[in-house]
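J.: My structure is below; once you've seen it, I'll send some questions.
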Amino acid sequence: MKISIVTHEYPGLYRCGGIGTACLHLARFLVQEGHEVEVIYAVGPYTEDGSPFASFQELYRQQGISLLPLPDGLAAHTYQRYKRDSYAAYHFLKERHYDVVHCPDYRAVGYYSLLARQQGLAFPGTRFIIHTHSPTFWHEVAPSAIRSDQLELAYMERTAAELADVVTSPSVYMLDYVHRQGWQLPRTACVIPNLQMKNSPILHAQACTPAPIAGFTYFGRLESRKGLPLFISALKLFMDRTTGPLRAIFVGREGDVPGLESATGYIRGSLAGYENRLQLEIHTTLDTLAAQALLASTPGQLVCMPSLQENAAFAVMECLDLGIPFIASDVGGTAELIDPQDCKLYLFVPRPDVLAAHMERWFGQFPQPPRANSFNAQAPELWRRLNAELAVPRTAVAAPAPRQLVSVTVSTCPPHPHLGQVLSALAAQTYENYEVTVRTVGTPVAAVLGPLQVQYAPRGWDFQSTDGPVTCNGEYWLWLEDLVLLRPAAIATLVQAMTQAGADVALPAGQAADGSICLAGGNALLPGLLPDAGPLAVVMVSRRVLDEVPAIKPIPPHPAPFINGESRSSWLARVALSGRRLWVVPEVLADLLPGSEPKENQLAYFQRLQGLAPYEEALLPVLHDLPRLAMSLQDELADLQEFRRPVYQVVRRQLRILSRFNHFDRLARWLFDSVRSVIRIGK
């Protein structure tokens, strides 16, 4: 089979990271099994250490793996990097005809590709596998501000998994986690341990040298989530209870310690009072093989992995594979990697006093290395079985060309400078079964639009000077501004996507005058909290949704009416809260003329206020002001982050993510934490 692995992390290009390591071992295994493997590096031709990308391509070519950078040109410009990468990956993959595509869940690089397949736009015979390693709301467990883009990204990750053919997880723990989050996974959702292809068999002999424990080695990224402060606190407790010298080694890449710029500086500063007894070593630039070699060739050190959160850590698997004595936090899926009989001996509750007690227990002893869970060894066979199932071609039934009537509404305000271009683009559509209504606001039709009315009247197009209720005769209703030029295949593509996916609402991509691509993310991102522009400039809706989701009276002043006077974002928020999905069509179907981009003015602010109405209605009366506060706080956070003011760090530390809530409950928690943060900052 021809197989692609699309990832933001890959060893060498990016020194450290479990996702990249998992992708490398999977690629090696698939090559060993006789498959043609291409790794698509979603970051482009970038290397963390500045080495030429071509040198890594040659390195992996020698292992039978083709390494391809995601072309920058396809990514264009979007508002968020994760959208840009996912969009670029879709347009790159659809030209290369893979049998199977593997994507990690984190950063949703497969999202737009899976949307396109669901809508019948591409990949009729391709299978997609999503690997659940670290979804955004699980990964961002450390104190941080919940940004609106994180809500959108989390939705994209979840939707990609739900649309995939197969979802795999290296641990039962992570599969249970996403189930608790409400993910509706495909029928084939299974646990397959991470593969561990042998890197250097010589290390096994080095690792077996027994020696009494005379020091402790921290192994993992130097950050709070991996337990760095916990380890230092335990180490200080241990040294306060003992009198002899000690060797402490820190092996891991520099990470994030809240409020500090350097993890290395944090380590040295925290242990400043113990220099006379402590032999301190810090290694932050070692790659995977070099780190393993250091651990294996340093007898008398007990490796400690005090992580506060883990899925199925490769650090644990590497120590198991090399026979290195270690202890680790009993969190996440770590216990699944170790023989059940050894868990009580080598796993601990992640608290400084408990870890210090384990240090005292093993100091001076000759601990036997923990044994691996026998299930780990089944990973190659489990992948062989899955690949055998994936080798059966995916059958996609070709749907007949849709013929439904589409009612098109063009909303325009004076002075109508681009309306002639808009109507000309409408007249050039390849789809035939559509009707057009031009609705003007504030001016009589004949006074300004007489020539256009004469030109298009023979087509049966209707010109109205009214802001009354929208009428829709067709199966679908298409709304667009007078600053949007539809491309010739726009209506045909939208109808196909709506029909194939059984969609209620479709939002296509648009290209702005500066060449940037405007992409929506879907109904995750609380549409009512967003500015009313860009990705919402073209909307196609099924008639039943138009009938079933009523509009509300707008807050004046309001722009040209979208639906019975309500703004786009507000009405789409109601659609999302009603349980319907907003489908994004990842094809550029419209060109956005200057003036369609968001504007920071008073009118835009009133539009955003109106977008809050659906959430106010859904909350208890006592909480009605929270959406407005949250919107203001988001703007304030953006400003603070841009100027790097110290108070931004305070806000980041106070806003917490409680991932067990569904998307709406998480909003309520987010709003509550926002209020709490404002109070604390005020103090």
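J.: Could you say which residue among PHE348, PHE326 is open to solvent by less than 20 Å² (accessible area, probe 1.4 Å), at pLDDT 95 or above and farther than 27 Å from GLU9 by Cα? Break it down into steps so the answer makes sense when it comes.
T.: Details: PHE326 fails: farther than 27 Å from GLU9 by Cα.
Matching residue, one of PHE348, PHE326: PHE348.
J.: When only residues in segment 167-192 that are assigned to a loop (DSSP other than H, G, I, E, B) and open to solvent by 40 Å² or more (accessible area, probe 1.4 Å) count, which is farthest from TYR111 (Cα to Cα)?
T.: Step one: filter segment 167-192 for residues assigned to a loop (DSSP other than H, G, I, E, B), giving 170-171, 181-187, 192.
With open to solvent by 40 Å² or more (accessible area, probe 1.4 Å) added as a condition, the list becomes 184, 187.
Working: GLN184: 15, ARG187: 19 Å.
Among residues in segment 167-192 that are assigned to a loop (DSSP other than H, G, I, E, B) and open to solvent by 40 Å² or more (accessible area, probe 1.4 Å), the one farthest from TYR111 (Cα to Cα) is ARG187.
J.: Read through the list (1) among the aliphatic types (A, V, I, L, M); (2) closer than 23 Å to HIS139 by Cα; (3) crowded, with 22+ Cβ neighbours inside 10 Å, then give the number of the only condition that ILE232 fails.
T.: Against the list (1) among the aliphatic types (A, V, I, L, M); (2) closer than 23 Å to HIS139 by Cα; (3) crowded, with 22+ Cβ neighbours inside 10 Å, ILE232 comes up short only on (3).
J.: Here's a check for you: in segment 1-43, which residue that is at positive phi and at pLDDT below 90 is surrounded by the most Cβ atoms within 10 Å (Cβ to Cβ)?
T.: Only one residue tops the list, namely GLY17.
J.: Output the residues belonging to segment 477-507 that are under 21 Å from ARG580 (Cα atoms), in contact with a Ser or Thr (Cβ under 6 Å, 6 or more places away or on another chain) and not hydrophobic (A, V, I, L, M, F, W, C).
T.: Within segment 477-507, ASP504 is the sole residue that qualifies.
J.: I'd like the full set of residues that are of a type outside the set (Gly, Ala, Ser) and modelled with pLDDT of 90 or more, limited to segment 46-58.
T.: PRO52, PHE53, PHE56, GLN57, GLU58
J.: Looking at this structure, is ARG96 open to solvent by 20 Å² or more (accessible area, probe 1.4 Å), out of contact with any helix residue (DSSP H, G or I) (no Cβ under 8 Å at 6 or more places or on another chain) and under 19 Å from PRO393 (Cβ atoms)?
T.: yes
J.: Can you tell me which residue is most open to solvent (accessible area, probe 1.4 Å) among those in segment 472-496 that are farther than 13 Å from GLN429 by Cβ and in a loop (DSSP other than H, G, I, E, B)?
T.: ASN473
J.: For a quick check of your reading: which helices (runs of 4 or more DSSP H) sit entirely within segment 238-356 and have at least 2 residues that are closer than 23 Å to THR136 by Cα and free of Cβ contacts under 8 Å to residues at least 40 places away in the same chain?
T.: Values: elements: 263-270, 288-296, 314-322, 334-337, 343-346.
Hits in segment 238-356: 334-337.
J.: Same structure, new question: With the structure loaded, tell me whether ALA89 is of a type outside the set (S, T, N, Q), part of a loop (DSSP other than H, G, I, E, B), within 24 Å of LEU30 (Cβ to Cβ) and touching a Phe, Trp or Tyr at 6+ places or on another chain (Cβ under 9 Å) or whether it fails that test.
T.: Details: of a type outside the set (S, T, N, Q): yes; part of a loop (DSSP other than H, G, I, E, B): no; within 24 Å of LEU30 (Cβ to Cβ): yes; touching a Phe, Trp or Tyr at 6+ places or on another chain (Cβ under 9 Å): yes.
No.
J.: Only one of LEU419, LEU423 is touching a helix residue (DSSP H, G or I) at 6+ places or on another chain (Cβ under 8 Å), under 16 Å from LEU483 (Cα atoms), surrounded by 12 or more Cβ atoms within 10 Å (Cβ to Cβ) and at pLDDT 90 or above. Can you tell me which?
T.: Of the residues listed, the single one that is touching a helix residue (DSSP H, G or I) at 6+ places or on another chain (Cβ under 8 Å), under 16 Å from LEU483 (Cα atoms), surrounded by 12 or more Cβ atoms within 10 Å (Cβ to Cβ) and at pLDDT 90 or above is LEU423.
The values are calculated or read from the model by the stated rules, or taken from the named source; none is laboratory data. Keep in mind it's a predicted model, so treat the numbers as computed, not measured. Every residue, glycine as well, gets a Cβ built from its backbone with ideal geometry; the counts of neighbours run over all protein chains shown. Please note that ligands, DNA and RNA were not included when accessible areas were found on the heavy atoms of the full protein model with its side chains. Shrake-Rupley method; radii C 1.70, N 1.55, O 1.52, S 1.80 Å.
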